[in-house]
Structure formats: C-alpha cells, structure tokens
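S.K.: Handing you this structure, nothing more for now.
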Amino acid sequence: MSAGACDIDALVHARLDQMAGDLPALGVAVSGGGDSIALMHMVATWAAGRRIMVATVDHGLRSSSRAEAEAVARQAAALGLPHRILTWQREEAVSGNLMADARNARLQLLSQWARDNDLAAIALGHTADDQAETLIMRLNRGAGVDGLGAMSARRHAREMLWLRPMLEITRQRLRDWLQARQLDWIDDPSNDNEDFERVRVRKSLKATGWSVTAIADSAAHLREARDALTHYVLQACADARFAQACMDLPLTALQEAPSEIQRRILLASARWITGQPYPPRRAGVANALAAVLAGRRVTLDGVLFHPRRDHLRIMREPAAALRAPPAQELWDNRWRITGLAPGQTISALGPDNLANTAWRDRGFSHDQAIASPAVYEETRMIAAPALQDHDIYAATPLRTATDFRRLVMAH
C-alpha cells in the first residue's frame, strides 16, 4: 500500500494498526510543524478508546519557541488530548554540537515523559522527505548499507519504542492534507537556514527535480539488504551464551562468517556490553577484528575481546570499569544493584579485592571479576553481589540475550 494509492488517513491508520494496534496507550511527539501536526490529528481519529498523550519539547533556541509549544497545546486540547511541554535545560549540552545536543535532549526528554506516563511507544512525524534527505546526507559521508538504509518504522532506543507511521508520505501531501482541513501549523525559520546540511540538501532536491519518493524507495531497498545481513548475524550468533554482563561466542562462528558479518557481530556485541546508543567507528572495528582473528586480545571503546581456546569472550574492559563513577543503583550502564543503605555506593571490584571473593566458582574470568560491581562504604568493600550470594544485596545485568538480538536488528 502506498500513499499514492489510497487515502492518507487510511494509510496512516493502517500503519498505526500494524505498529501500535495492541497498545492501550500511545504518546505523540509534536513540534508544531506540519508533519507532526498532521500526525497528531490522524492519531486522534485512530485512537478508538486508546489513551493518547501529546508532548512538545521546547528547546529554547528561539524567542518564539514557548509560544509555539503553547499553540500545539491548544490544538491538542481541541482534540481532547492531554499535552505536556518538556523544557530543555541547555546547560546539559556537552558536545559542542548544538543540533546534536538538541536532538539527544529531545529524545531523552520524550522517553522519560513516556515512561513516567506508562506509554509504551511514541509516534514521530518523519516522512518520505526525511528518508530521501537522510540518504543523500549519509551518501555524502561515505555511509554503508546501514547508514543508507531507510529509517525503521519501529525502533527501540533509550528504553522506548519509537514509531514512524508516515514514512511513505511526502511532506507536500501532508501540507495539502492540512490545508484541505484548514489546519494551522508552524514553519520553523531554521528550515530555511542554509547553515544546516539538511536544509541545503532539501533545497538541492527541489532544484534538481529529483523524486523524493524514488529516493525514499531506494532507501527502502537498501534496508531490505540490511535486514538480510541482520538475519545472518543472528544466525552466526545462534550458539552465543550471555551471562553476567558477558558474551561468549564460538570462535568458529566468527571465523567462518563473511567479513561484513564479522564486523556486525563486533559492533553489536560492543554496544551490548556498554549500552552505548551509537556503535564504535569503522576503523577501530576493523583493527579490533583483525586482532581477534589473529588470536590476540584487544579493546574497543571500553570492551575487551578475548579469544580463548574455542570461544571469544566479550566483556567490559577492566580499566573502563574502574573509571566508571560510583553509583547508588545503576552502575556503569551494565548492572542494577539493590539493597544499598544510605551512604553506600557501587564501584568496580578492582584487583585488590579479588582475594575476598570466590570469582572462579562463579565462572568469571580474572578480567571479568575485576570489572564486576562491588558495594562500598566509603573506601571499604563490603560485598561483591555478582560474585557471591548475599542476604541484602543483589546484582542483575541490565541486558540479556533478547537485548542483543534487538541491537542487531535495530537502526
């Protein structure tokens, strides 16, 4: 079914049925632009008794941003939908790339809002134009199949399911849809600012007369190729074992796989260990892969790859774990520790405390034990709950085999 072959409402409703039909509640991210305003209205007519909530992130980057968010709130109220304005505190920006910081903050704010309101998913207003623009931008950076493949209609990230039910529809068709219903939207002036790469690409596509739909179709074809590669990664990892925040992969599964499958296995396993949202750089992965295939230990972005007699053990690099700041419950983005009393913290066990634990009995390697969590009171280690049973403290890894499969499939 394509947007050209049917009514836009019917298409979006069909996609929502496929993606969110079994959900009792859904969040909608609405900036006030035409795409997300159209999405909000179509979700409202689709809801059929489901609980729908709307959120707008005010980045505070323009003097009119608060008024624009309040305009969305009024439209949502007219539809009977509860609305929340989420404000970005800009001092949280750390990278120096304002647009990247704004995007990361937006996703984090929306994810937290949804979880606070028991919303299992958030719908986003990305369109076929976004697909085409993204493909051109990534092509200019030398992206491979992953980067050039279409955005996923469903994606798990930041403890949230993100849905894109309008990827088959062009921006112009949505504008026509809004105008036919006399619905207002906000044109962000930054959409005309050629300092931004996406704006330059958008204007270039319009000037050349290239078909947005055709380019978006190419992205979809590349995604099919990416899905095929994903299938073979999962097949190669079928006998992998996941336990205690560590992954063991039969070495033959890696050695016999094509080079692209090998690369993808290292990427997914590194992200599974660290929980980082983005994979390591291609050059680093290539160097790590060469070392592993030569039988050498190697580290990559805080992950240790250790080829052993018949398997590859993938675990947290001890030095990276020792650098992880102390925490109260969630530590090093890998472990959840319960039972802590006030004043107690979690840090890496470290080499000096190994003698006080039975790490070998738990099947831990030396490096894995050093990087495991321990409970401290000031500087005194009082428990190593991952290495020994304890009446008060319990240690649970944050990710399982299911999360690894999700990482392989996600984009």
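Derivation of every value follows stated rules applied to the coordinates shown; laboratory data play no part. Source: prediction; values computed, not measured. When we count neighbours, we look across all protein chains shown, and the Cβ atoms used for this are built from the backbone with ideal geometry, even at glycine.
S.K.: Which cross-chain or sequence-distant (5 or more) residues have an amide H under 5 Å from the amide H of L161, H modelled 1.01 Å from N in plane?
M.R.: So L161 has HN proximity to I122.
S.K.: May I ask for the distance between the Cα centers of region 264-311 and region 195-258, given as a whole number of Å?
M.R.: Answer, in whole Å: 18.
S.K.: Follow-up. So how far apart, in nm, are the two label points at H221 and I85 if each is 7 Å from Cα heading toward Cβ?
M.R.: 4.7
S.K.: Could you size up the charge dipole of region 220-361 around its Cα centre, putting +1 on the beta carbon of Lys and Arg and -1 on that of Asp and Glu, and report it in debye to the nearest 20?
M.R.: 260
S.K.: List the extent of the Cα atoms of region 8-224 along each of their three principal axes, largest first, rounded to whole Å.
M.R.: Taking max minus min along each principal axis of the Cα atoms, region 8-224 gives 43, 42, 36 Å.
S.K.: Mean separation of Cα pairs under 8 Å and 6+ residues apart, divided by the residue count of region 323-397: what relative contact order is that in percent?
M.R.: Reported as a whole number, the value is 33 percent.
S.K.: Classify region 69-183 as rounded, prolate or oblate, taking a ≥ b ≥ c as the square roots of the eigenvalues of its Cα gyration tensor: rounded when a/c is under 1.5, otherwise prolate if a/b is larger than b/c and oblate if not.
M.R.: oblate
S.K.: Shifting gears a bit: Using Cβ counts within 10 Å as a stand-in for footprinting exposure, how do M137, M53, M315 rank, fewest first?
M.R.: By the 10 Å Cβ count, ascending: M137, M53, M315.
S.K.: In bins 20 Å wide, starting from 0, what share of all Cα pairs of the chain does each bin hold, as a percent?
M.R.: Going from the shortest bin to the longest, the percentages are 23, 50, 25, 2.
S.K.: Right, something else. Label-point separation (nm) for A10 and I382, each offset 7 Å from Cα along Cα-to-Cβ?
M.R.: 6.7
S.K.: Same structure, new question: Hey, what do the phi angles of region 244-253 turn into as Karplus ³J(HN,Hα) couplings, whole Hz, using 6.51/-1.76/1.60 and θ = phi - 60°, x for Gly and Pro?
M.R.: 6, 6, 9, 10, 10, 10, x, 4, 4, 4
S.K.: Over the chain, what is the relative contact order in whole percent, taking alpha-carbon pairs under 8 Å and six or more residues apart?
M.R.: Relative CO of the chain lands at 12 percent.
S.K.: Then there is this: Looking at the chain only, what percent of DSSP beta bridges run antiparallel? Nearest 5 please.
M.R.: 70
S.K.: Please give the calculated 222 nm ellipticity per residue for the chain, where each DSSP H segment of at least 4 residues contributes -39500 (n - 2.57) and the sum is spread over every residue; nearest 500 deg cm²/dmol?
M.R.: After summing the helix terms and dividing by the residues of the chain, the value is -13000 deg cm²/dmol.
S.K.: Oh, and also: Relative contact order for region 284-411: what percent, with Cα pairs under 8 Å and sequence separation of 6 or more?
M.R.: Relative contact order of region 284-411: 19 percent.
S.K.: How much length would be gained if the chain were fully extended between D176 and E256, taking 0.36 nm per residue of separation minus their Cα-Cα distance, in nm to one decimal?
M.R.: 23.5 nm
S.K.: Name the shape class, rounded, prolate or oblate, that the alpha-carbon gyration tensor gives for region 323-397, where a ≥ b ≥ c are the square roots of its eigenvalues, rounded holds for a/c under 1.5, and otherwise prolate holds if a/b is larger than b/c and oblate otherwise.
M.R.: The shape class here is rounded.
S.K.: Can you work out ³J(HN,Hα) from phi for every residue in region 384-399, in order, using Karplus 6.51 cos²θ - 1.76 cosθ + 1.60 and θ = phi - 60°, giving whole Hz and x for Gly and Pro?
M.R.: Each residue's phi maps through the Karplus curve to give 10, x, 7, 9, 7, 5, 9, 6, 10, 9, 9, 10, 10, x, 6, 10 Hz.
S.K.: A follow-up question, please. So what are the three principal axis dimensions of region 155-227 from its Cα atoms, in whole Å, longest to shortest?
M.R.: 37, 30, 26
S.K.: What list of ³J(HN,Hα) couplings, whole Hz, do you get for region 117-123 from phi and the Karplus terms 6.51, -1.76, 1.60, once you set θ to phi - 60° and write x for glycine and proline?
M.R.: Whole-Hz 3J(HN,Hα) from phi for region 117-123: 10, 6, 9, 7, 8, 10, 8.
S.K.: So, one more: Starting from the amide H of A383, placed 1.01 Å from N in the peptide plane, find each other amide H under 5 Å away whose residue is 5 or more places distant or on another chain.
M.R.: When sequence neighbours closer than 5 places are left aside, the close amide H contacts are V375.
S.K.: What ranking of F242, F305 emerges when the number of other C-beta atoms within 10 Å of each C-beta is taken as an exposure proxy, fewest first?
M.R.: Starting with the residue having the fewest Cβ neighbours, the order is F242, F305.
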